[in-house]
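Heads up, the thing below is written out as structure tokens.
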Amino acid sequence: MLQYLVILLDDTAPAFCHADNPLSERFLMPEETLRRALLFGMKENMMVQFVYPDYELPDGHRRLIESVESVKIGRDIAVYNGVPEKIETSAAVVRLSIEDLIAGAQQIAGLLPQTQNLNICLTDIHNFRDEQAEAYSKALSILNAELLQLFRSGQPHRINILTDRLQLKEMHNCGAGVTNITLAPNGKFYLCPAFYYDERTGLSNRMNHANPSSSRSVGDMVNGLQIPNQQLLQLNHAPLCRICDAYHCNRCIWLNNRLTWDNNTPSRQQCVLAHLERNASRDLQQQLKAAGMDGGEEIKHIDYIDPFDVRVQF
Ligand code: SF4
């Protein structure tokens, strides 16, 4: 069931996930579209997440935005590309490449005390090579060491790729098209912002079987949502993911679509990275337990890093 409505207020609102935003010219969502979007969200009982551009919005937009409870990405939640010098918000997204995370692990560890809630978003998962696995795990262990210090001093901080798995007992993934939907400034719905960017940059339409055109939209404010074969986005239709326990994994359908041409079939890159993180969460859990702290339900030892390797033995 859809629970979250992500509203891109402007074409230049920052990317906050894997896909870069290639749009550099301002196009502010018209005030009337915003008004109808909020009405839609209210009727559907959805929590609104606004994604802000880096300029001040007109008064009319600001009044509408303040009329609803919301999460404000680009304001309350800062978004950085690359490792920032410092973080001044209690929640932040840091988008960076795998190599930047590996090279900047100490610097990122130093940022952890500055924010309660850090979301690391890797922007080049598609380029991941198995040879990077050891270095990636080592970077995660550097972050774990800082997390352990913080937990010890009574300041448990969240970092999505390490602490989320400690709390989770079932899959909790991105949920694009299933638990959340994105409304772009043009008044059309997309599974997530990345599909809007694909449409704007003219990428081919591999997914939207119902409309053989370059459109990647799944509805608009007039006709409502039309998500073709929505069941094919769901966990129970994902043979690999439903037997997996990397519960924190994004299961990014845009990345799947790009790398395997199927929204619900993950790439090896996605799975291996998620399993390295899962195993690092297990290390953190064991260190927490050894220090007498609660690390959540036991994360079991497994001897694979890609569920596909297990699945193909069946
Ligand atoms: S690690 Fe792979 S199989 Fe597991 S949830 Fe993520 S994408 Fe699905």
_To check you understand DSSP bridge types, tell me what percent of the beta bridges within the chain (both residues inside) are antiparallel, rounded to 5._
20
_Can you give me the Kirkwood hydrodynamic radius for the stretch 4-167, using every pair of distinct Cα atoms, in Å to one decimal?_
17.5
*the chain: angle of helix 31-43 to the longest principal axis, Cα-based, in degrees nearest 10*: 60
*Taking neighbour Cβ counts within 10 Å as the exposure measure, how do Thr179, Thr265, Thr163 sort from fewest upward?*
Thr179, Thr265, Thr163
*Ranked highest first by the average count of other Cβ atoms within 10 Å around their residues, in what order do 67-74, 99-106, 249-256 fall?*
249-256, 99-106, 67-74
*asked:* Given contacts defined as C-alpha pairs under 8 Å and at least six residues apart, what's the relative contact order of the stretch 4-167, whole-number percent?
replied: 19
*Just flag the trypsin sites (Lys or Arg not before Pro) in the stretch 116-170 sitting in loop per DSSP whose Cβ has no more than 11 other Cβ atoms within 10 Å.*
Arg129, Lys169
*What is the gain in length, in nm to one decimal, between Met1 and Glu25 on full extension, counting 0.36 nm per residue of separation less the C-alpha to C-alpha distance?*
5.3 nm
*If you line up the long axis of helix 268-290 against the longest principal axis of the chain, both from Cα atoms, how many degrees apart are they, to the nearest 10?*
50
_Choice from Ala139, Ala15, Ala290 with maximal GNM fluctuation in the chain (Cα, 10 Å cutoff)_ = Ala290
_Point-to-point label distance, Lys169-Ser153, nm (Cα→Cβ direction, 7 Å offset)_ = 3.3
*Figure the gain on full extension for Ile243 and Asp54 (residue separation times 0.36 nm, minus the Cα-Cα span) and round it to one decimal in nm.*
63.9 nm
*Rg and Dmax of the stretch 238-291 over Cα atoms: what are they, in angstrom?*
13.3, 45
*Those GluC sites (Glu not before Pro) in the stretch 9-54 that DSSP places in a loop and that have at most 13 other beta carbons within 10 Å*: Glu25
*Got a sec? How would Lys86, Lys188, Lys289 order by Cβ neighbour count within 10 Å, fewest to most?*
Lys86, Lys289, Lys188
_If I take R0 = 22 Å and measure r between the Cβ atoms of Arg75 and Asp124 in this structure, what FRET efficiency does the formula 1/(1 + (r/R0)^6) give, to the nearest 0.05?_
0.25
*Two-decimal Rg to Rh for the chain - Kirkwood Rh, Cα set*: 0.96
*What's the extension gain from Ala103 to Gln116 if we count 0.36 nm per residue and subtract their Cα-Cα distance?*
2.4 nm
*What order do you get for Met42, Met29 when you list them from fewest to most C-beta neighbours inside 10 Å?*
Met42, Met29
*Please work out how many pairs of lysine residues in the chain are eight or more positions apart (or on different chains) and have Cα atoms closer than 21 angstrom.*
9
_Folded to 0 to 90 degrees: helix 133-152 orientation relative to the chain principal axis, Cα_ = 90
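Just so you know, all these numbers are worked out from the coordinates, no wet-lab data involved. Nothing here was measured: the structure is a model prediction, and the numbers come from that model. Cβ atoms come from the backbone with ideal geometry, glycine included; neighbour counts cover every protein chain shown.
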